[in-house]
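Reading through the structure tokens given below for one structure.
The values are calculated or read from the model by the stated rules, or taken from the named source; none is laboratory data. Predicted model, so just to flag it, every value in this text is computed and none were measured. Here Cβ is always computed from backbone atoms with ideal geometry, including for glycine, and neighbour counts include all displayed protein chains. Note: areas computed on protein heavy atoms with side chains; ligands, DNA, RNA excluded. Shrake-Rupley method; radii C 1.70, N 1.55, O 1.52, S 1.80 Å.
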Amino acid sequence: MVNKRLGKFIVIFLLVAVGAFIYGNFDLNASMTKQLYTVKMDEGQMSMPMGQQMMTYSPVSDPVVGTTDPTVARPMGLGSMASGGNMLSMHIKLGQFVGNVDVYFGVFSEAINPKEILILNQNNEFVEASKGLTPWRSNTVGNIDETLFGDIPTSSITQGTYYLYLGITPAGGNDFANNFIYETRFTVSPSDYVATLDDFKNYSTWDVVDYTISDANPTLASAHSGSDETYSRRVYANSAAVLQGSEYPVGSILVKETFSWADGAKNFASSGGLLAMVKRASGFNPSNNNWEWFILSTDLSSITSQGADISNGICNTCHSSATQDSKASDYVFENPTEFIAEDSDFADYTNWSLIDTSSDANPLLGSAHIPGSTRYVYKKQFNANPDTEEQGYPIGTIILKRTVSSYSTEITAMVKRGGSFDTANGNWEYFTLDASTLSITGRGADLMDGGCKSCHAQALSTENGKDYVFKHDNDPFNNDSTAQIATGKELFTKTCSGCHGENAVGNVGPNIQGEDAEEIEEALKTVSAMSGVSVTESEIEAIAAYLATLTTTTTPSAENGEELFTKNCAVCHGENAVGNVGPNIQGEDAEEIEEALETVSAMSGVSVSQSEIKDIAAYLATLTTTTPTPTPTATATATPTPTSTPTATPTPTATATATPTPTPTATATPTPTPTATATPTPTPTPTATPSNVALGQQTFSQKCAGCHGSNAEGNIGPNIQGKTATDIQTALSTVPLMSGVSVTSTEVEAIAAFLATL
């Protein structure tokens, strides 16, 4: 199982992506001191990197130089911090290689910044990896013995876990496919760590340190459903949970799931389905080295129980036995466990689940397993599931095949052994068994001259199968997409539905029903809002499998669209979308609505999903695009006209104004009311008469109430009760949102008169 953070470094190392390496609150560049000297190694020369080899090891005080085998090297020493001390003394030591190599050194800590990487360059200065991958030592044969940074007290380092990486490639700067990568880490602990529910919420993103079933962990006995082989157990560790010397640092958290699978879904055990242990400060639980125990609700909605002594002391009692286990440390049992099968483990195979019976000429078989025979495939742990590409099947899974022909019977098996057994090929061990006695006649990683694993390599995350196991007709996993879809739905709900809505119909983000893995990967790389989403390749495939099951042909509902329009749009666009503050949008389609939502600032607060946009568009399509004619009352009131055309000419008006005594001309010319003729400018404070208050109320209701409320008490716009005509005119000329409101000066006066009554 590849450590997720080590995997991140590998990705960076292969120049595929850039992640985050940073340093703490001390200035590494300023405090760095260098002591470089070349020493002659007498251990022999190490081989050059061929392919990828990853070596993760617990912290060591002093580096260990490998002999001819680079896998036994521990090139980075940490000084006293490795054994729980309070001083970091960084020491790098490498033996001699057969040829010239480039050496890369990097540091990563999520505690400071999960999105920045620092790589040490040739001047012993840290630079961001996003600016280019630079070797620390280039074109060297090794023989490096160097201390960095001087002695740094832990009190000056920001609390958190720090991952240290040393990468070795052939010299030249362009051969990243062949490499050795060493990883170690240390944790700077807080004085105490009091865990809350939030500390467990993201446990499924942590490193998986154990995934086993039944007999794979004999220390379980009946604990955690250990005696029930239908259950699997998976243990997650947070970034702090790494041994420093013989103890875990304060803040270490281990979470254990105990679950089975049915119909492609995970089902937690009814008792102890989700448990945790958290390392507290000295004095909390001294008899069990300060561990606090937790029982969590499986939906992570609550902490059911916690403390130094829960379950009537069972947690303390059981984990105390880990102190006598030579493979355990600090009250924590060995992780991961390793299952080494014996003859007796195959004796009852006929009682296992029969997952396949076939006699077809399977092209994948070639000449394997007796051509022309009938094959029977049994699975010991029916619920064992390769649910993620990283973890594959749980340790202890056994697949057995009995091949029967008219002249021979052959029995072969594969066992998920785990541990460090053939890590390059999924930790599987292959077996041949005596058909009569079921005793083991052959076993190993390279059984049949490696023919077993080379053949089963055809079943690696492809249509043929997963984790080196071919698909079988009656296996609920690794056969069809049932389990993958269930996993994808769970991942989508937890990771994606917040933005993309239930069933992926869209919410803040767009409708993504039917998107494939490639489209999801592209979005993860290019959409800034998704930069914090952390999913593996297999999890992306699972989400895509789930999205493929969702319908994209839902018929938009005009009825629902009308309701949505009234709630979200009518206030600006008016009843029936004829326009108000906003324009007439009758007949607009979904694309036009989306464009407006993205570009019109006044609509930035409108929150509707993709499917809701389609519903609104369906409603708008039912409306007529003919704008209703204004009512006669409004027209007559808003536009008082004289009784004859001559009245509009300037001459009679001027005569009537200049001559105080009546003349035949003035008598012969009927005029509108003196106010209309003689006073063209509205007064700032109109007299509130019943007629202009009524006009103001009607005009306000038509053109203002949508934003300011039915009684001008405020809605989208502010409370404007009592505002004068001058106030209204100023707002019309200065407030951008009111630029589309068309009113006459008479209507402004009338509105002010109405507002004065409120």
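Exactly one condition in (1) among the hydrophobic types (A, V, I, L, M, F, W, C); (2) part of a helix (DSSP H, G or I); (3) surrounded by fewer than 14 Cβ atoms within 10 Å (Cβ to Cβ) is false for A486; which is it?
A486 satisfies every listed condition except (3).
Of the conditions (1) open to solvent by 60 Å² or more (accessible area, probe 1.4 Å); (2) modelled with pLDDT of 90 or more; (3) of a type in the set (S, T, Y), Y378 satisfies every one except a single condition; which number is it?
Unmet condition: (1).
Looking only at the stretch 446-459, how many residues end up being buried (at least 17 other Cβ atoms within 10 Å of the Cβ) and at pLDDT 90 or above? Steps first, answer last, please.
So the first thing to find is which residues in the stretch 446-459 are buried (at least 17 other Cβ atoms within 10 Å of the Cβ), and the list is 447, 452-453, 455-456, 459.
Narrowing further to those that are at pLDDT 90 or above: 447, 452, 455-456.
Of the residues in that region, 4 qualify.
Go through (1) in a strand (DSSP E or B); (2) loosely packed, with under 14 Cβ neighbours inside 10 Å for I152 and report which single condition fails.
Every listed condition holds for I152 apart from (2).
Looking only at residues that are over 41 Å from the mean Cα position of the chain (by Cα) and open to solvent by 50 Å² or more (accessible area, probe 1.4 Å) in the stretch 403-434, which one is farthest from L354 (Cα to Cα)?
Checked the stretch 403-434; the qualifying residue farthest from L354 (Cα to Cα) is Y407.
Of all residues in the stretch 369-401, count the ones that are under 20 Å from D434 (Cα atoms), free of Cβ contacts under 8 Å to residues at least 40 places away in the same chain and not polar (S, T, N, Q).
Result for the stretch 369-401: 5.
Suppose the filter is closer than 20 Å to E342 by Cβ and in contact with a Phe, Trp or Tyr (Cβ under 8 Å, 6 or more places away or on another chain); does A445 pass it?
yes
Could you check N217 against (1) surrounded by 15 or more Cβ atoms within 10 Å (Cβ to Cβ); (2) modelled with pLDDT of 85 or more and say which number it fails?
The one condition N217 does not meet is (2).
Just the residues that are in contact with a Gly (Cβ under 6 Å, 6 or more places away or on another chain) and either open to solvent by 20 Å² or more (accessible area, probe 1.4 Å) or not in a loop (DSSP other than H, G, I, E, B) (or both), please, taken from the stretch 320-350.
Passing the criteria: P336, E338.
Can you tell me which condition T493 does not meet? The list is (1) assigned to a loop (DSSP other than H, G, I, E, B); (2) surrounded by fewer than 21 Cβ atoms within 10 Å (Cβ to Cβ), and all the others hold.
(1)
If you take the residues of the stretch 65-82 that are open to solvent by 10 Å² or more (accessible area, probe 1.4 Å) and under 15 Å from F149 (Cα atoms), which of them is modelled with the lowest pLDDT? First the steps, then the outcome.
So in the stretch 65-82, the residues open to solvent by 10 Å² or more (accessible area, probe 1.4 Å) come out as 65, 67-69, 71-72, 74, 79-80.
Those left that are additionally under 15 Å from F149 (Cα atoms): 79-80.
Numbers: G79: 91, S80: 88.
Applying the filter and picking the extreme gives S80.
All but one of (1) part of a strand (DSSP E or B); (2) farther than 24 Å from R417 by Cβ; (3) modelled with pLDDT of 90 or more hold for E183; which doesn't?
(2)
What is the residue count in the stretch 359-375 for residues that are of a type outside the set (A, V, I, L, M) and open to solvent by less than 50 Å² (accessible area, probe 1.4 Å)?
Selection size over the stretch 359-375: 4.
Is it the case, given these coordinates, that S58 is assigned to a loop (DSSP other than H, G, I, E, B), over 20 Å from T140 (Cα atoms) and out of contact with any Gly (no Cβ under 8 Å at 6 or more places or on another chain)?
yes
If L275 meets every condition in (1) more than 17 Å from T161 (Cα to Cα); (2) in contact with an Asp or Glu (Cβ under 6 Å, 6 or more places away or on another chain) apart from one, which number is that one?
So L275 meets the others, but not (2).
From the list T677, T667, which residue is at pLDDT below 70, part of a helix (DSSP H, G or I) and either within 25 Å of N576 (Cα to Cα) or open to solvent by less than 80 Å² (accessible area, probe 1.4 Å) (or both)?
Among T677, T667, only T677 is at pLDDT below 70, part of a helix (DSSP H, G or I) and either within 25 Å of N576 (Cα to Cα) or open to solvent by less than 80 Å² (accessible area, probe 1.4 Å) (or both).
Can you name the residue in the stretch 236-292 that is β-branched (V, I, T) and open to solvent by less than 10 Å² (accessible area, probe 1.4 Å) and, of all such residues, is modelled with the lowest pLDDT?
T258
Is it the case, given these coordinates, that S353 is open to solvent by less than 70 Å² (accessible area, probe 1.4 Å) and either in contact (Cβ under 8 Å) with a residue 12 or more places away in the chain or touching a Leu at 6+ places or on another chain (Cβ under 8 Å) (or both)?
yes
Restricting attention to the stretch 543-584, and to residues there that are farther than 22 Å from S497 by Cα and aliphatic (A, V, I, L, M), which single residue is least open to solvent (accessible area, probe 1.4 Å)?
Among those residues, the one meeting the criterion is A577.
Conditions tested, residue by residue: (1) under 25 Å from D422 (Cα atoms); (2) modelled with pLDDT of 80 or more; (3) part of a helix (DSSP H, G or I); (4) not hydroxyl-bearing (S, T, Y).
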{"residue": "R5", "(1), (2), (3), (4)": "yes, no, yes, yes"}
{"residue": "V11", "(1), (2), (3), (4)": "yes, no, yes, yes"}
{"residue": "V18", "(1), (2), (3), (4)": "no, no, no, yes"}
{"residue": "M50", "(1), (2), (3), (4)": "yes, yes, no, yes"}
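Taking A523, is it free of Cβ contacts under 8 Å to residues at least 12 places away in the same chain, assigned to a helix (DSSP H, G or I) and surrounded by 15 or more Cβ atoms within 10 Å (Cβ to Cβ)? So that I can check it myself, show each step before the final result.
Values: free of Cβ contacts under 8 Å to residues at least 12 places away in the same chain: yes; assigned to a helix (DSSP H, G or I): yes; surrounded by 15 or more Cβ atoms within 10 Å (Cβ to Cβ): yes.
So A523 passes the test.
Conditions first: (1) out of contact with any helix residue (DSSP H, G or I) (no Cβ under 9 Å at 6 or more places or on another chain); (2) within 21 Å of F180 (Cβ to Cβ); (3) at pLDDT below 90. N100 passes all but one, so which condition is the exception?
(3)
Yes or no: D309 on the phi > 0 side of the Ramachandran plot, modelled with pLDDT of 90 or more and surrounded by 14 or more Cβ atoms within 10 Å (Cβ to Cβ)?
Considered against the rule, which asks whether it is on the phi > 0 side of the Ramachandran plot, modelled with pLDDT of 90 or more and surrounded by 14 or more Cβ atoms within 10 Å (Cβ to Cβ), D309 comes out as no.
Among the residues of the stretch 717-724, is there at least one that is modelled with pLDDT under 65, assigned to a loop (DSSP other than H, G, I, E, B) and either among the β-branched types (V, I, T) or under 23 Å from A570 (Cβ atoms) (or both)? Walk me through how you get there before you give the answer.
Keep residues of the stretch 717-724 that are modelled with pLDDT under 65, which gives none.
Within the stretch 717-724, none of the residues are modelled with pLDDT under 65, assigned to a loop (DSSP other than H, G, I, E, B) and either among the β-branched types (V, I, T) or under 23 Å from A570 (Cβ atoms) (or both).
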